[in-house]
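The values are calculated or read from the model by the stated rules, or taken from the named source; none is laboratory data. Source: prediction; values computed, not measured. Here the Cβ positions follow ideal geometry from the backbone for every residue, glycine too, while neighbour counts run over all protein chains shown. Remember, those area values only see protein heavy atoms, side chains included, never the ligands or the DNA or RNA. Shrake-Rupley method; radii C 1.70, N 1.55, O 1.52, S 1.80 Å.
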Amino acid sequence: MQVANKVILNTGALYGRMLITVFISLYATRLVLNLLGAADYGLFNLISGVIAMLSFLNIAMTISTQRYMSFYLGTKDGHKLRTVFNASVLLHFILGLAMVLLFEMAGSYLFGHVLNYPVERTMAAKLIFQFMVVSAFFTIISVPYDATLIAQENMVMVAALGIVESLGKLLIAVALQYTGYDKLIVYGGLMALLTVLLLLFKQVYCGMKYDESRISIRRYFDRHLLKEMFAYAGWNMFGAGSVVARNQGLALLLNVFFGTIVNAAYGIANQVNAQLSYFSVTMLRALNPQIIKSEGSGDRPRMLRLAMIASKFSFYLLSFFAIPMMIEMPFVLQCWLKQVPEYTVMMCRLIVVATLINQLSAGIQVAVQSVGKIRKYQVVVSTMVLFNLPVAWLLLKAGYPSSAVLVSAIAIEVVSGIYRMIAAKKITGLSPWLFTRQVVIRAVVPVLLSVTLAGIPQLFLPPGFVRLGITTLVSVAGMVVWVRLIGLTPEETTKIMQLFSRALSKLQARLVVLKAN
């Protein structure tokens, strides 16, 4: 299968999953919020957020494993690929045990000195914490299998598992209506069980389908590679940990200053952001293996071209759906949740803006990872990201509202993006001025023009489905027109037209065959 066709197939599979899962996930969240109430829902997000904050090692190792597997798939070195997988299995098992110990040690301190929750919910909170520990352990030890699916570009299976997971969450939400036990505890236990079952299936599936996924640690043990991967992951730990620490550290600060109701708003805002980001993350997930494989095969120019395409189009895809959603956020949340916690609208809008800014340099981040020279890069970027926490604490201590911490996060994200461009010049040879012209300007200008057009219906129509529909149509039309006129280079326009023409020809050929039969 040609590379372009493979990327399109994988992207299509992931978008098909998205179309199914997004509505299921949003409806399940509505059910859970109404059944648990804002306080218990905020408590669950707080506890699960603490686990996410402590499990940044898992995120770092996922990036490391995927990078090495995609790189050696590019070199077509099967023995090295098996060695990478077995080294990853050993590392993740050790890390999983270490993380369980860390969780248990940190748990007593968090419950005694940090977390702010109603005293009568102490037992429920501690049980939720243990459920999340179990889930985190299985997530860690199955990272090599997740990395294998992505590196092998088997997005059809990734999509299928995502649909099953969403249906499982919906069934859990429905089951809460019929349980006579504590709904928060039942919810946490079933969510942990679902995670464990899904991850175990990935292990079995990859072991049967891919030769490199068969465990034989003695045969493929390579001390040098193990050390190299651990060092590479070590710098990624700082990078991934800084992002998780920022997100969940802000949740802890908001909890300390405002309580669980604001945590509910923050949790909902993060979920809205995750659902919207899935459109751009999906494309990146399909394209990232090709970026890393290009570097592995020694084709640096192709790698940089794909990295710039990834940055620009991930920004477009997120903007395409984010613009009408941000403009009509109050009405959408009211339809979705019925009972909208205070501050939710504001937090949703600000978090999406921060994510949009981050997406402009998404391709740069993958390009740097593919080259592998990440030590200085990770130290500087991660320090900037972590700077969010002291700034947020000072703002809240000075009496500023909860929105201030997200406004400061947006400003820091802008500075981080500028540094990524400068660092990419030294690491990959990508010109900051070329990136600014071809990506930043061509991406931002069409979006700003589309926002201006999409805001016009707000001046003449009352809130409702009619205004939501018109706003969406105007926004989509504006994005299509402005991206075509300003956002695409002549080469990109030609390539897209060729892909559409090819797809149309294949569709017509299949219709002819169907009529003949």
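Taking a point 7 Å from the Cα of residue 228 along the Cα-to-Cβ direction, the residues of region 356-400 with backbone N closer than 15 Å to it are 370-374. At an R0 of 41 angstrom, the distance between the Cβ atoms of residue 106 and residue 215 translates into a FRET efficiency of 0.85.
When the solvent-accessible area of the chain is split by element, carbon and sulfur atoms take up 69 percent of it, the probe being 1.4 Å.
Dipole of region 381-475 computed with +1 at Lys/Arg Cβ and -1 at Asp/Glu Cβ about the Cα centre; of 466, 435, 451, farthest Cα towards the positive end is 435. Share of pairwise Cα-Cα distances greater than 14 Å in region 361-430 is 61 percent (whole percent).
Could you give the length gained on full extension between residue 171 and residue 297, defined as 0.36 nm per residue of separation minus the Cα-Cα distance, in nm? Don't skip to the answer; put the middle values down first.
Details: separation 126, 0.36 × 126 = 45.36 nm, distance 4.51 nm.
Here the segment from residue 171 to residue 297 would lengthen by 40.8 nm.
Remark on region 259-360: Rg and Dmax equal 16.9, 54 Å (Cα only). The packing ranking, built from the mean of other Cβ atoms within 10 Å per residue, places the peptides 98-107, 421-430 in the order 421-430, 98-107, highest first.
Fully extending the segment from residue 335 to residue 164, taken as 0.36 nm per residue of separation minus the present Cα-Cα distance, adds 59.0 nm.
Of the DSSP H helices in the chain, those with a Cα length along their own long axis of 20 Å or more and a mean Kyte-Doolittle hydropathy reaching 1.6 comprise 122-141, 155-176, 465-482.
A 1.4 Å probe run over region 138-257, with the rest of the protein chains in place, finds 46 Å² accessible per residue.
Does region 71-196 come out rounded, prolate or oblate by the C-alpha gyration tensor, with a ≥ b ≥ c the root eigenvalues, rounded set by a/c under 1.5 and, if not, prolate when a/b is larger than b/c and oblate if not? Since a/c reaches 1.5 but b/c is at least a/b, the shape of region 71-196 is classed as oblate.
Give the accessible surface of region 356-457 per residue, rounded to a whole number of Å², with probe radius 1.4 Å and ligands, DNA and RNA excluded. Intermediate values should be presented prior to the final figure.
Working: 4490 Å² over 102 residues.
Ligands and nucleic acids excluded, the figure is 44 Å² per residue.
Note on region 152-190 and region 295-372: Cα centroid distance 25 Å, given to the nearest whole angstrom.
Counting Lys and Arg as +1 and Asp and Glu as -1 over every other residue whose Cβ lies under 11 Å from the Cβ of residue 299, the net charge comes to +3.
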